[in-house]
Amino acid sequence: MISIIIPIYKSEKFLERAVESIINQSFTNLELILVNDGSPDNSKNICLRYTRLDKRVFYLEQKNRGAAHAMKKGVEHANGEYIMFLDGDDWLDSNALKVAFNHVNTSNADIAFWNAIKEFSEESREIEPFLEKDKLFRGTDLNWLKRRSFGLVDAELKDITKFDQISSGWGKIYKRTLFEKDPYCLVNKNDKGNFDTELVCRLFHLSSSIQYINKHFNHYRLANENSITKNHGSSLFYKYKQMYDNLLRFIYDNKLEKDYRQALNNRIAVSIVNCLLSITSRKNNDSLQLKYQAVKSILYDKLYKSSISQFQFKNVNLSHRYFFYSCQRRLTVLVFMCGYLLRFLKMFR
């Protein structure tokens with residue numbers, strides 16, 4: 001059985017499509033756990049209607065604590081051998097679970113993952129495939145994949161848009177036993193929710209084999225104004241810092257190789273792109289002066305300064321090289337203006 005968990009917050013406009021994409025899967029040995037994270041809209045009634053329509057659908061609710069807490073609550077109630085997460089505004093192709101389960105049932109992989117399609121209001125765009133064909137990662141290949149989850153190094157930096165190519169919590173099925181081995185992969189010891197990247201890094205690290213499926217199964221909606229780069233405004237970098245601290249500690253505690261630290265350093269350096277998109281978002285009501293100060297505070301932050309000083313400049317393309325050089329030299333005005341330019345050009349989306 002596969003347990004699919006949907007954390008729900010302000011998703012009523014899209015929720016029916018997400019639920020329908022699961023209950024209409026060609027693979028039927030599943031349960032769908034809907035976790036209402038204190039959503040103030042009509043999501044509860046939509047969920048309850050589906051519990052009456054399909055006995056495989058279950059409803060849970062909690063006060064608003066964030067997606068990670070909702071996902072953890074779902075895992076605690078899951079009965080499946082495998083766990084999958086789906087955002088309440090996304091949806092899944094109808095054959096996805098059948099294909100994924102056939103792969104892991106054959107290979108006994110701990111995790112299977114696949115590609116996604118970005119859904120904008122005006123178009124759909126396939127994310128570049130992680131690889132051109134299916135691959136079961138074991139041994140040396142698996143060690144590379146585990147490091148790759150932390151970030152890019154060396155020649156991989158030629159295309160920095162690939163940093164988050166495999167770091168989403170969705171687009172994967174995980175053996176439930178992985179969550180039992182690492183009870184803090186979703187919510188840390190201080191009861192703070194983790195970002196998806198930390199979840200993936202930690203569970204990849206525990207895996208003995210991982211299956212990649214070269215299919216575009218997930219539909220990832222970017223037209224929703226509640227997405228991460230539109231919802232945190234000037235505070236996104238400081239939310240990221242918790243994740244970076246956790247991952248640094250994870251690297252040291254597990255005595256991981258030097259290239260893990262370099263990969264994470266590169267991720268921290270490049271994270272300013274998402275931060276700029278968040279700061280310049282139309283949903284950020286801060287004044288221009290406050291937005292400028294937010295950019296400056298990142299550039300002068302001790303962690304960011306350390307990471308950008310160790311960034312592998314020579315491996316990125318020329319235009320990106322100039323941008324990150326401006327970050328290293330703390331040319332705040334130029335970096336700030338680049339945030340609006342990135343939005344105008346619709347880059348990194």
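Within the set of pairs 6 or more residues apart or between chains, which connect a residue that is assigned by TED's automatic domain parsing to the domain that holds PHE27 inside the stretch 93-110 to a residue that is loosely packed, with under 15 Cβ neighbours inside 10 Å with Cβ atoms less than 7 Å apart?
SER94/ASN24; SER94/SER26; ASN95/SER26; LYS98/SER26; ASP110/SER208
Taking the conditions exactly as written (modelled with pLDDT of 95 or more, surrounded by 13 or more Cβ atoms within 10 Å (Cβ to Cβ) and under 18 Å from LEU203 (Cα atoms)), does TRP144 satisfy them or not?
no
Among the listed residues PHE324, PHE237, identify the single one that is surrounded by 19 or more Cβ atoms within 10 Å (Cβ to Cβ) and under 22 Å from the mean Cα position of the chain (by Cα).
Answer to the selection: PHE237.
Here's the yes/no breakdown for (1) surrounded by fewer than 19 Cβ atoms within 10 Å (Cβ to Cβ); (2) farther than 22 Å from VAL153 by Cβ; (3) without any contact (Cβ under 8 Å) to a residue 12 or more places away in the chain:
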| residue | (1), (2), (3) |
| --- | --- |
| TYR244 | no, no, no |
| ARG249 | yes, no, yes |
| TYR252 | yes, no, yes |
| SER278 | no, yes, no |
| ALA294 | no, yes, no |
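To keep it simple, each residue is scored yes or no on (1) out of contact with any Gly (no Cβ under 6 Å at 6 or more places or on another chain); (2) loosely packed, with under 14 Cβ neighbours inside 10 Å; (3) not hydrophobic (A, V, I, L, M, F, W, C).
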| site | (1), (2), (3) |
| --- | --- |
| SER297 | yes, no, yes |
| LEU303 | yes, no, no |
| SER306 | yes, yes, yes |
| ARG330 | yes, no, yes |
| VAL333 | yes, yes, no |
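Select from the stretch 5-34 the residues that are of a type in the set (Val, Ile, Thr) and buried (at least 19 other Cβ atoms within 10 Å of the Cβ) and list them in ascending order.
Hits for the stretch 5-34 are ILE5, ILE6, ILE8, VAL19, ILE22, ILE33.
Restricting the search to the stretch 171-194, which residues are buried (at least 20 other Cβ atoms within 10 Å of the Cβ) and assigned to a loop (DSSP other than H, G, I, E, B)?
Hits for the stretch 171-194 are GLY171, CYS185, LEU186, ASN194.
Does the stretch 9-26 contain at least one residue that is more than 24 Å from the chain's Cα centre (by Cα) and not aliphatic (A, V, I, L, M)?
Within the stretch 9-26, one or more residues are more than 24 Å from the chain's Cα centre (by Cα) and not aliphatic (A, V, I, L, M).
Only one of TYR50, TYR9 is more than 25 Å from PHE113 (Cβ to Cβ) and in contact (Cβ under 8 Å) with a residue 24 or more places away in the chain. Can you tell me which?
One residue alone meets the criteria, TYR50.
Filter the stretch 164-185 down to residues that are of a type in the set (A, V, I, L, M, F, W, C) and out of contact with any Leu (no Cβ under 6 Å at 6 or more places or on another chain), then give me how many there are. So that I can check it myself, show each step before the final result.
Taking the stretch 164-185 as the starting set, the residues that turn out to be of a type in the set (A, V, I, L, M, F, W, C) are 166, 170, 173, 178-179, 185.
If we keep only those that are out of contact with any Leu (no Cβ under 6 Å at 6 or more places or on another chain) too, we end up with 166, 173, 179.
Total meeting the criteria: 3.
List the strands (runs of 3 or more DSSP E) inside the stretch 17-114, counting only whole elements, that have at least 1 residues being in contact with a Pro (Cβ under 6 Å, 6 or more places away or on another chain) and not acidic (Asp, Glu).
Once the strands (runs of 3 or more DSSP E) in the stretch 17-114 are filtered for at least 1 residues that are in contact with a Pro (Cβ under 6 Å, 6 or more places away or on another chain) and not acidic (Asp, Glu), what remains is 30-37.
The values are calculated or read from the model by the stated rules, or taken from the named source; none is laboratory data. Only a predicted model underlies this, so the values are computations on that prediction, with no experimental measurement involved. Please note: Cβ atoms are built from the backbone with ideal geometry, for glycine as well, and neighbour counts cover all protein chains shown.
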